[in-house]
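Chemist: Questions regarding the structure given below will be posed in turn.
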Amino acid sequence: MKARAIAHPNIALIKYWGKRNISLNLPAVSSLSLTLDQFQTETLVEWGSERDRLFLNGSEIQSNEAKRAFQFLDRLDPDRPPCRIVSHNNFPTAAGLASSSSAFAALALAASKASGQSHTETELSILARQGSGSAARSLSGGWVVWNRGIQPNGQDSYGRCIAPPDHWDVRMLVAVVSAGRKSVGSTQGMIRSKETSPFYQNWVDTSEKDVQEAIQAVQKKDLHQLGALMEHSTIKMHAVMMTSRPTIRYWKPQSLAIIEAVEALRNRGIPCYQTMDAGPNVKILCSAEHAEEIASELSRITHPIHILQAGSDAKIIH
Ligand code: PMV
């Protein structure tokens, strides 16, 4: 059987960094994200093929990436037949956006359907989480909370929509500083931070409050409150990264230049707030009305600047 699904990437506003269980990708902290439209992964799964094969953006992949994808299918059914996966990202790989969130969300949905199983959105989020933590947040559109959960088997750790995409007309700008591969992968980085950063425990202890306050800010559509919390969560996470040993520093000089430009715009009365993940690119949250002006200002520092809106649920397509 075959099935095809699409999913959108998401950007965390309150960040996930640290795992309480590595093989199940159970997070040490809850997080809050916005699913983005325009950019998407489309994935076809053929359940029952001559042998396991993965094609990504038109080329066959045989590296660890393929191993990871097929091990992921084993979680769905340890006795599965050989499968073929054909996946495309419509966004340029050069966008530097975390594509693993949309990749594993689309793969979970397509594989579930192709295998003839039927899963709820919650079950699919739990499954996608095991491929890549942030994928737990990409099954749902709009504003999504991923609860850390407390159960050892992770059945209470999944993404849940708290507000649909049309709840609030914001924009997320992606300022691409570098499209290169990240210097330290997120799993490796999270393990290192947990073991060595003197600030790790404080990060874990304070992030639940950030999530709760950010949920209220989303509900009230309070851009200032949400933006301030987002920047605080970002800086705290990067402080934990930087104080890991050896240090993990994803920032580049241009990242800092954008952060300063965002601050300067804000001082001129244009509300905008920055966030960064495990890489040098900067994402900027703002209202729809200011997006173009902010993008043109930031394009003096780097380009491209993508302007994205809130996106919808992952879905099966025919
Ligand atoms: O699940 P991963 O490996 O995509 O880790 C994501 C980690 C961050 O992007 C840094 C933060 C987040 O919450 O997305």
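Read-outs: derived from the displayed coordinates by stated rules, not from any lab. No experiment lies behind these values; they were computed from the predicted model shown. Please note: Cβ atoms are built from the backbone with ideal geometry, for glycine as well, and neighbour counts cover all protein chains shown.
Chemist: For the stretch 78-193, treating each Cα as an identical point scatterer without solvent, what Debye log10 I(q)/I(0) comes out at q = 0.10, 0.22 1/Å?
Modeler: After summing over all Cα pairs, the log10 values are -0.37, -1.39.
Chemist: Could you work out [θ]222 nm for the chain from helices alone, using -39500 (n - 2.57) per DSSP H run of at least four and dividing by all its residues? Round to the nearest 500 deg cm²/dmol.
Modeler: -11500 deg cm²/dmol
Chemist: Follow-up. In a GNM of the chain with a 10 Å cut-off on Cα contacts, which of E42, E50, E263 has the highest mean-square fluctuation?
Modeler: Among E42, E50, E263, the largest mean-square fluctuation in the Gaussian network model of the chain belongs to E50.
Chemist: Considering every Cα-Cα pair within the chain, what fraction, in whole percent, is farther apart than 23 Å?
Modeler: Tail of P(r) above 23 Å: 55 percent of Cα pairs.
Chemist: Let me ask something else. Each label point is 7 Å from the Cα along the Cα-to-Cβ direction; what then is the distance between the points at R268 and Q155, in nm?
Modeler: Calculated label separation equals 5.5 nm.
Chemist: So, one more: Running a GNM on the chain with Cα contacts under 10 Å, which residue among S115, S49, S138 ends up with the highest mean-square fluctuation?
Modeler: Result for the chain, Cα springs under 10 Å: S49 fluctuates most.
Chemist: How high is the relative contact order of the chain, in percent, counting Cα pairs under 8 Å that sit 6 or more residues apart? List each step's numbers first, then the result.
Modeler: Working: 712 pairs, mean separation 78.4, N = 318.
Reported as a whole number, the value is 25 percent.
Chemist: When Lys and Arg each count +1 and Asp and Glu each count -1, what net charge do the other residues less than 9 Å away from S115, Cβ to Cβ, add up to?
Modeler: +1
Chemist: For the stretch 122-181 and the stretch 1-59, what is the centre-to-centre distance using only Cα atoms, to the nearest Å?
Modeler: Here the answer is 10 Å between Cα centres.
Chemist: Ratio of the stretch 34-102's C-alpha Rg to 2.2 N^0.38 Å, to two decimals?
Modeler: Here the Cα radius of gyration is 1.18 times the empirical estimate.
Chemist: So if we plug the beta-carbon distance of Q225 and R51 into 1/(1 + (r/R0)^6) with R0 = 45 Å, what FRET efficiency do we get, rounded to 0.05?
Modeler: The calculated FRET efficiency here is 0.30.
Chemist: Can you tell me the 0 to 90 degree angle between the C-alpha axis of helix 253-267 and the longest principal axis of the chain, rounded to 10?
Modeler: The two axes meet at around 60 degrees.
Chemist: Counting other beta carbons within 10 Å of each Cβ, put H306, H232, H318, H224 in order, fewest first.
Modeler: Working: H306 22, H232 16, H318 4, H224 11.
With the sparsest Cβ surroundings first, the list reads H318, H224, H232, H306.
Chemist: Hull surface divided by four, with the convex hull built on the Cα atoms of the stretch 268-314: how many nm²? Don't skip to the answer; put the middle values down first.
Modeler: Values: hull surface 17.4 nm².
So the Cα hull casts an average projection of 4.4 nm².
Chemist: Right, something else. Taking 0.36 nm per residue of separation and subtracting the Cα-Cα distance, what length does fully extending E123 through D79 add?
Modeler: That works out to 13.9 nm of additional length.
Chemist: Something else now. Ordered by packing density, taken as the mean number of other Cβ atoms within 10 Å over each peptide's residues, highest first, how do 1-10, 190-199 rank?
Modeler: With the highest mean Cβ count within 10 Å placed first, the list reads 1-10, 190-199.
Chemist: Residue separation times 0.36 nm, minus the C-alpha to C-alpha distance between M1 and R300: what's the value?
Modeler: Details: separation 299, 0.36 × 299 = 107.64 nm, distance 4.97 nm.
So the extension gain works out to 102.7 nm.
Chemist: In Å and whole numbers, how far do the C-alpha atoms of the stretch 1-138 stretch along each principal axis, longest first?
Modeler: 43, 31, 27
Chemist: My understanding is that a pair violates if its Cα-Cα distance is over 23 Å; which of K19/K315; K15/K220; K2/K67; K182/K221; K15/K113 do that in this structure?
Modeler: Pairs exceeding the cut-off: K19/K315; K182/K221; K15/K113.
Chemist: For a bin width of 10 Å, list the pair-distance distribution of the stretch 140-249 built from all Cα-Cα distances, rounded to whole %.
Modeler: Over the stretch 140-249, the share of Cα pairs per 10 Å bin runs 12, 33, 39, 16, 0 percent.
Chemist: Report the full-extension gain for the segment Q212 to Q309: residue separation times 0.36 nm, less the Cα-Cα distance, to one decimal in nm. Don't jump to the answer; show the numbers that get you there.
Modeler: Working: separation 97, 0.36 × 97 = 34.92 nm, distance 2.31 nm.
Extra length available between Q212 and Q309 comes to 32.6 nm.
Chemist: Ranked highest first by average number of other Cβ atoms within 10 Å, how do 15-24, 58-67 line up?
Modeler: Averaged packing, sorted descending, gives the order 15-24, 58-67.
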